[in-house]
Structure formats: structure tokens, C-alpha cells
Amino acid sequence: MTAEKIRGTALVHFARNGYEGASLADISAEVGIKKQSIYNHFKGKDDLFLAVFQDAAVREMLFVEDYLKRSGRLSLENMLYGFLNEYRKRYEREEDTKFFLRMAFFPPGHLQKEIVDYCNRHLDRTEQLLEPVFALAASNGEMHPDVSIERASAAFTAVLDGMFVEMLYGGLERSLKRLDASWFVYWRGIKNT
């Protein structure tokens, strides 16, 4: 139970303050334990950070899987745009999403390789989950025949990445503007006319 509480508290601290700004002393004080007690559960700050990051990544993937299951009856256009919009809203309200995206784009330097490798696997998994969606849309005639399933999926994750960058750097208003523009061009490119 204490390890879970440490992880939950650490998530908030890492999300708000980044790796460098989060302190084990502050985390332990908020949990109500001595700083040394953290070492009963984690080897150190790096171990705690990576555990929190992986937990957040798992919850982000659960969101992706759940959304795709829930929206299976929507048209391709509504499903994909809805996915982007729900992710944008998720970023506004979920510490997991804020933390995961901030660390994916701004990992601590000494943990960069581990974080980038994990994020690449996350993106690859997202593309894999989207491929059946595009395959069904292609068989239903919703997609332009010149656009392959793999290309549609990879391009969609590029739109998603662009939205993430704009949310991190530009804020809500700019992210909505960029989302609207990139979605318009993306959808015109893959839809069957």
C-alpha cells in the first residue's frame, strides 16, 4: 500500500515539477513517511521515476485501447477526430497524461534513452491498434485506395504527435488551431472521394 501511495504522490510531483524539481523529501513528507523509507520500495529517485513513468504509460495505453473499443461503431472520420479530441481533453484533466507527454518530449537527460525507447514502443503499439481500424475502413470504402493501412496509421500518429507538441508548447488555443488545420489536411488525404 505504501509503494502505491509513494507512486501516486510522486506522479503529481514529477508532473508539476519535472524530474529535477521533484524531491524525495517532499514526496515522503506528503506520503507521511521518512525519506529513507522510500528506499524500502525503490532503489532511488531514478527507480521511482521510471516506475511512475511506466505506470502512466500503461494507463495511457489503456485509454487508447478503451477508446478504440468504445468507438468501434463510429465512422472512421468521427472515430479518429474523436480520438484526437478526447486525448486533448485528457491532457487538460489527467496528471498521467500531462506527466507522460512532458516526459516523453522532455526526459531527464540521463534517462533519455530508456524513456525514448519506451515511447517509441508506445507509439508503435498505438499504430498497431489503429491498423485494424484502417483495414476495416479500407474494406468499407471509407479510405482512398491509394493510401495504405500502414501509411494512414503512421500519418495519424504524426497528427497526434503534432497535437501533443502544440499542447505542450502552445497551449489550448494554439493546439485547437493546429489540430483543426492538420485534421483538415489529413482527412482530405485519406478519405475516399
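For the residues 60, 142, 173, a GNM of the chain with alpha-carbon springs under 10 Å puts the largest fluctuation on 173. Probing with 1.4 Å while keeping every protein chain in the model, the per residue accessible area of the chain equals 54 Å².
Derived scalar couplings between HN and Hα for segment 137-148 equal 4, 5, 5, 8, x, 7, 9, 4, x, 7, 9, 6 Hz in order, rounded to whole Hz, by the Karplus curve 6.51 cos²θ - 1.76 cosθ + 1.60 (θ = phi - 60°), x for Gly and Pro. Considering helices alone, the calculated mean residue ellipticity of the chain at 222 nm is -27000 deg cm²/dmol, with DSSP H runs of length four and up weighted by -39500 (n - 2.57) and normalised per residue. Here segment 17-95 exposes an accessible surface that is 45 percent carbon and sulfur, computed with a 1.4 Å probe and the other protein chains kept in place.
Each label point was placed 7 Å from the Cα along the Cα-to-Cβ direction; for residue 37 and residue 69 their separation is 3.6 nm. Using only Cα atoms, find the angle between the long axis of helix 2-21 and the longest principal axis of the chain, and express it within 0 to 90 degrees, rounded to the nearest 10. With rounding to tens, the tilt is 80 degrees.
With a Förster radius of 35 Å applied to the C-beta separation of residue 23 and residue 85, the computed FRET efficiency comes to 0.45. Between 0 and 90 degrees, the angle of helix 76-93 with respect to the longest Cα principal axis of the chain falls at about 20 degrees.
Return the subset of 45/98; 98/177; 45/113; 45/69; 113/177; 113/191 for which the Cα-Cα distance in this structure is over 28 Å, preserving the input order. Intermediate values should be presented prior to the final figure.
On the way: 45/98 19 Å; 98/177 20 Å; 45/113 17 Å; 45/69 36 Å; 113/177 32 Å; 113/191 37 Å.
From the list (45/98; 98/177; 45/113; 45/69; 113/177; 113/191), the Cα-Cα distance tops 28 Å for 45/69; 113/177; 113/191.
Within the shell of other residues whose beta carbon sits under 15 angstrom from the beta carbon of residue 8, the net charge comes to -2, with Lys and Arg scored +1 and Asp and Glu -1.
The values are calculated or read from the model by the stated rules, or taken from the named source; none is laboratory data. Predicted, not measured: the structure shown is a model, and the values here were computed from it. Cβ sites come from the backbone with ideal geometry, for glycine too, and all protein chains shown count toward neighbours. These area figures cover heavy atoms from the full protein model, side chains too; ligands, DNA and RNA do not enter into them. Shrake-Rupley method; radii C 1.70, N 1.55, O 1.52, S 1.80 Å.
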